[in-house]
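Enquirer: Before we start, here is the structure in question, set down as structure tokens.
The values are calculated or read from the model by the stated rules, or taken from the named source; none is laboratory data. Since the model is a prediction, treat every value here as computed from it, not as a measurement. Here the Cβ positions follow ideal geometry from the backbone for every residue, glycine too, while neighbour counts run over all protein chains shown. The protein model used for the area step is the full one, side chains on, heavy atoms only, and it has no ligands, DNA or RNA in it. Shrake-Rupley method; radii C 1.70, N 1.55, O 1.52, S 1.80 Å.
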Amino acid sequence: AACVSGRGTRQWDPKASGVSIVWERNDGQKFIVDGHQRLGLAKRLKQEGQTPTIRALVLRESEGISAEEARLAGAVKNLQEGGESTSAIDIARVIRDSGENANIEEVVPPNRAAYKDGKALAKLGELAWGMVINEQVNPSHAAVVAEKIRDPDEQVAALDVFQHRAGCP
């Protein structure tokens, strides 16, 4: 899926710019956790003579926030902002990165198909997950396999059957 990059944007709009998430290490170095495209747009518009201001929530290591917790906060924010466009793969990524600590049901309505499939996809072994990420198999098929089969090698074998039936080499 393509990302919105702001390439055609010519004027900074503070109402539409949202809030970025930044993580600050103990040494003061800052990292964008959420808002990479916003930052890129702001830099481009600044070169054109504008003065964009990015609003940000700063999560600090000095306040006990780890890099992993900051990344999770950014991922959860993306799920919240994604609304109906949030995919099962997006949900599975957050669960895989954070385990059950993500509390996805607080962010994505549990009655959505993407929620159910995302929770299932998170159970895939590494090779089967790679097949989904590399678009070798349909995520819905992989979710069914993940729900029915726990063994990672058997998951791959089952997904190979789906690939073969779909006419993939």
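Enquirer: If you take every DSSP beta bridge fully contained in the chain, what fraction is antiparallel? Give it as a percent rounded to 5.
Expert: Numbers: 4 of 10 bridges.
Antiparallel bridges: around 40 percent, rounded to the nearest 5.
Enquirer: Suppose we take every Cα in the chain and form the convex hull; what volume per residue is that in Å³?
Expert: Output value, Cα hull per residue: 157 Å³.
Enquirer: Sort Leu79, Leu57 by accessible area with a 1.4 Å probe, largest first.
Expert: Working: Leu79 10, Leu57 90 Å².
The ordering from most to least exposed comes out as Leu57, Leu79.
Enquirer: Next question. Provide the per residue accessible area, probe 1.4 Å, for the chain, rounded to a whole number of square angstrom. Can you show the working numbers first?
Expert: Numbers: 10670 Å² over 169 residues.
I get 63 Å² per residue for the chain.
Enquirer: Segment 11-80: D in µm²/s via Stokes-Einstein (Kirkwood Rh, Cα pairs, 4 °C, 1.567 mPa s)?
Expert: On the way: Rh = 12.8 Å.
Using the Kirkwood radius from Cα pairs, D works out to 101 µm²/s.
Enquirer: Further, regarding this structure: For the chain, what is the mean residue ellipticity at 222 nm derived from helices alone (per DSSP H run of n ≥ 4: -39500 (n - 2.57); sum divided by total residues; nearest 500 deg cm²/dmol)? Each step should come with its number before you reach the end.
Expert: Values: 7 runs with 80 residues, N = 169.
After summing the helix terms and dividing by residue count, I get -14500 deg cm²/dmol.
Enquirer: Across segment 107-121, in residue order, what do the Karplus-derived ³J(HN,Hα) couplings come to in whole Hz, using 6.51 cos²θ - 1.76 cosθ + 1.60 with θ = phi - 60° and x for Gly and Pro?
Expert: Ordered by residue, 3J(HN,Hα) equals 10, 10, x, x, 7, 6, 4, 4, 5, 4, 5, x, 5, 5, 4 Hz.
Enquirer: Return the carbon/sulfur percentage of the accessible area of the chain, one whole number, probe 1.4 Å, all protein chains in place. All intermediate terms of the calculation are to be shown ahead of the outcome.
Expert: Details: 5410 of 10670 Å².
That share works out to 51 percent.
Enquirer: Sticking with this one: So, counting K/R as plus one and D/E as minus one, what does the shell of residues with Cβ under 11 Å around Ile89 add up to? Please list the in-between numbers first.
Expert: On the way: positive: Arg93, Arg96; negative: Asp90, Asp117, Glu135.
Combined, the nearby Lys, Arg, Asp and Glu give -1.
Enquirer: Turning to a different aspect of this structure: What stretch of the chain, leaving out the sites themselves, is the longest with no GluC sites (Glu not before Pro) in a DSSP loop having at most 12 other Cβ atoms within 10 Å? Don't jump to the answer; show the numbers that get you there.
Expert: Details: sites that count: Glu48, Glu135.
Result for the longest clean stretch: 49-134.
Enquirer: Of Leu121, Leu39, Val22, which is farthest along the charge dipole of the chain in the positive direction, counting Lys and Arg as +1 and Asp and Glu as -1 at C-beta?
Expert: Final value for the positive-end residue is Leu39.
Enquirer: Separate question: With labels modelled as points extended 7 Å from the Cα through the Cβ direction, what inter-label distance (nm, one decimal) is found for Val19 paired with Arg55?
Expert: Distance between label points: 0.7 nm.
Enquirer: Here is a follow-up. Pull up all non-local amide H partners of Ala56: gap of 5 or more, or a different chain, and H-to-H distance under 5 Å with H placed in the peptide plane.
Expert: Counting only residues 5 or more places away or on other chains, the set is Ser20.
Enquirer: Ok, one more. Could you check which residue among Asp151, Asp90, Asp34 shows the biggest mean-square fluctuation in a GNM of the chain with a 10 Å Cα cutoff?
Expert: Asp151
Enquirer: About the Cα centre of the chain, what is the dipole size in debye to 20, counting +1 per Lys and Arg Cβ and -1 per Asp and Glu Cβ, all else neutral?
Expert: Values: 22 positive and 24 negative charges, 168 e Å.
My answer is approximately 800 debye.
Enquirer: While we're looking at this one, here's another question. List the trypsin sites (Lys or Arg not before Pro) in segment 108-169 that DSSP assigns to loop (not H, G, I, E or B) and whose Cβ has at most 11 other Cβ atoms within 10 Å. Which are they? Display every interim value, and only then the final one.
Expert: Working: sites: Arg112, Lys116, Lys119, Lys123, Lys148, Arg150, Arg165; in loops: Arg112, Lys123, Arg150.
Here the trypsin sites (Lys or Arg not before Pro) that fit, given the DSSP loop and packing criteria, are Arg150.
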